[in-house]
Amino acid sequence: MSFINLDRDLQDTLSISSDNEEDNGDEIDCSYSTASDDDCNDSDDGLDYDNNDVNSSEEKSYLILKEDELHKCQEKEIEKVTSVLSLSNDDAAMLLLKYSWSATNVNEAWVEDEVKVRESVGLLDVHDHDVNFPNNDKKTVDCGICFDSVKFDETANCGCDHVFCKVCWEDYICIAIQDGPGCLTIKCPEPSCGVAVGPDMVKALVKGEEKKKYDRFCVRSYVESNKKIKWCPGPRCDCAIKFDTDSYNADNYDVTCDCKYDFCWKCMEDPHSPLDCETVGKWVVQNKDESGNTTWILAYTKPCPKCSKPIEKNLGCMHMTCAQPCGHEFCWLCLAPYTGGSSHFASSSCNAYHSEGGESSKNKRQRKSALEAIMRYTHYYERWDANEKSRRKAFSDLQKIETVDLKKLSSNYNMPETQLQFITDAWLQIVECRRMLKWTYVYGFYIPEKEEKKAFFEFLQGDAETGLERLHLCAEKELQVYIKKEDAEAATKDKFDNIFREKLTRLTDVTRSYFKKLGRVLENGLSQVDNSDLGQSLIYWNM
């Protein structure tokens with residue numbers, strides 16, 4: 001059947017025109033909620049989910065937590081321990097570090113065997129600050145590290161009897177901080193002593209960058225111990241995302257961080273609708289798996305006729321010699337023993353075609369199949385990678401648009417930047433559509449070649465490519481006319497307001513609508529498509 005008629009039917013069926021774009025209930029809302037002062041007070045895990053701040057139609061619930069909000073959550077866990085066990089904040093923090101920041105685990109272990117818990121953590125029953133940092137004591141003692149004689153009030157200890165000067169303490173702790181997160185559980189410098197060095201003591205002895213680094217390690221330990229919180233993988237982003245997995249059972253784990261970085265919270269890859277996390281995982285493994293090397297060997301090498309080891313041809317002539325200890329000499333073309341000189345080609349045994357069977361024919365079929373597999377994988381990978389690179393470039397262009405170009409346009413046409421939001425919306429849509437288009441190539445890779453619906457899928461994919469290219473070209477090339485304003489006649493305010501604005505807005509709306517509905521079709525596995533008559537594919541969109 002002709003795809004020309006199909007294209008006309010698709011326009012009616014998919015309704016990609018923006019005329020009916022009032023379907024706001026179906027739009028994916030990328031808004032997010034941020035933790036407030038009460039976020040750590042109303043739930044057992046220290047966070048309060050406000051479903052009014054997230055998309056109710058998608059029923060997803062997540063919070064974006066910045067560093068100060070994570071500190072509040074840590075303080076909430078510390079309070080849970082201190083209120084039950086009557087311990088100091090410092091002791092509670094050390095216990096929580098040991099028990100993965102779970103107040104419940106700490107309290108249960110403490111009640112079961114307090115002595116065992118104290119020994120495992122290195123916790124002494126000492127709460128007097130003057131014990132750790134002696135004051136007004138002018139007697140002289142020898143430092144256990146540098147062996148210098150120092151005044152006692154210039155020393156510090158962990159509550160044990162091992163005394164070290166504050167200078168050595170600071171060096172000891174700074175080295176531990178430089179070595180990594182292990183600084184959170186350091187012990188007394190005396191090798192035979194297992195008493196823990198608490199956070200309060202660390203913060204009293206170190207300053208500046210080391211202190212900040214210690215605090216970051218502490219926050220990291222909280223996030224990485226919590227199964228419901230993950231760091232945003234965005235470049236230079238320090239936010240964490242708390243996902244309410246208990247109340248959310250759907251397959252969409254897409255989140256948008258404050259830094260505008262989108263990712264799948266479940267598998268930490270880019271948002272990958274219409275694919276599920278399992279398929280994305282298979283693709284990631286496909287890109288890294290050693291099986292690719294095996295396929296390459298089958299496609300570009302031949303087995304030695306004697307020892308069967310794979311051999312790659314690296315010189316111009318056809319005379320091959322297998323590595324020792326085999327040393328077999330053979331012809332690369334026909335794999336027959338090489339008789340020496342050019343006499344091998346004198347007969348027609350090498351250059352003439354002979355019908356073959358058996359093992360030789362099987363090896364050739366394997367190589368041919370491997371080569372086809374490589375070519376097929378390369379086809380999909382190149383397009384997947386090209387759209388990913390295009391998405392990253394679009395994201396970079398968006399940042400430049402927001403920080404530089406909008407200001408220039410505002411100056412060129414004497415209008416506030418708020419009236420230029422349509423440009424930002426277009427670029428955000430380009431980034432999102434490049435992401436989705438990228439994953440459609442993985443979707444296509446896993447559709448069997450003989451699948452009846454594959455031709456229809458490829459037509460939809462090609463239509464998506466065409467529409468997105470129109471939008472990208474308009475936002476990337478045509479916009480420059482108005483930014484640079486080199487041709488005053490072609491870049492008038494009237495043309496910018498009445499022609500360019502309308503065109504870019506229209507393309508943005510049409511592209512958004514088409515990709516949203518395309519995603520639904522693919523998520524349903526093309527199950528709603530009637531293969532007996534592609535032109536009459538009855539997909540009901542007005543949901």
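The values are calculated or read from the model by the stated rules, or taken from the named source; none is laboratory data. What you see is a predicted model; the values in this text were computed from it and never measured. Heads up, the Cβs are rebuilt from the backbone with ideal geometry, glycines too, and the neighbour counts pull from every protein chain shown. Side chains are part of the model used for accessible areas, which takes the heavy atoms of the whole protein and leaves out ligands, DNA and RNA. Shrake-Rupley method; radii C 1.70, N 1.55, O 1.52, S 1.80 Å.
Every residue, every condition in (1) modelled with pLDDT of 85 or more; (2) open to solvent by less than 60 Å² (accessible area, probe 1.4 Å); (3) in contact with a Pro (Cβ under 9 Å, 6 or more places away or on another chain), yes or no:
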| position | (1), (2), (3) |
| --- | --- |
| 451 | no, no, no |
| 459 | yes, yes, no |
| 466 | yes, no, no |
| 472 | yes, yes, no |
| 482 | yes, yes, no |
| 486 | no, no, no |
| 495 | yes, no, no |
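Any chance region 237-251 includes a residue that's on the phi < 0 side of the Ramachandran plot, at pLDDT 85 or above, assigned to a helix (DSSP H, G or I) and open to solvent by 30 Å² or more (accessible area, probe 1.4 Å)?
no
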In the set 452, 469, 486, the lone residue that is without any contact (Cβ under 8 Å) to a residue 60 or more places away in the chain and more than 33 Å from the chain's Cα centre (by Cα) is 486
Identity of the residue in region 179-202, free of Cβ contacts under 8 Å to residues at least 12 places away in the same chain and either small (Gly, Ala, Ser) or part of a helix (DSSP H, G or I) (or both), that ends up most open to solvent (accessible area, probe 1.4 Å)
179
Please go through region 255-277 and pick out each residue that is open to solvent by 30 Å² or more (accessible area, probe 1.4 Å) and touching a Ser or Thr at 6+ places or on another chain (Cβ under 8 Å).
258, 262
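Within region 274-295, track down each residue that is part of a helix (DSSP H, G or I) and modelled with pLDDT under 65. Break it down into steps so the answer makes sense when it comes.
Our first condition is that a residue be part of a helix (DSSP H, G or I); within region 274-295, this holds for 277-288, 291-295.
Listed by number, the residues that qualify are 291, 292, 293, 294, 295.
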When residues of region 63-76 are limited to those that are within 21 Å of residue 107 (Cα to Cα) and touching a residue at least 60 places away in the same chain (Cβ under 8 Å), the one surrounded by the fewest Cβ atoms within 10 Å (Cβ to Cβ)
71
Could you give every pair whose Cβ atoms fall below 7 Å, whose first residue belongs to region 426-445 and is over 21 Å from residue 378 (Cβ atoms), and whose second residue is in a helix (DSSP H, G or I) and β-branched (Val, Ile, Thr), counting only separations of at least 6 or pairs across chains?
426/508; 427/401; 429/508; 429/511; 433/511
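Residues 439, 427: which one is within 20 Å of residue 525 (Cβ to Cβ) and either open to solvent by less than 30 Å² (accessible area, probe 1.4 Å) or among the polar types (S, T, N, Q) (or both)? Steps first, please.
Values: 427 fails: within 20 Å of residue 525 (Cβ to Cβ).
None of the others qualify; the one that does is 439.
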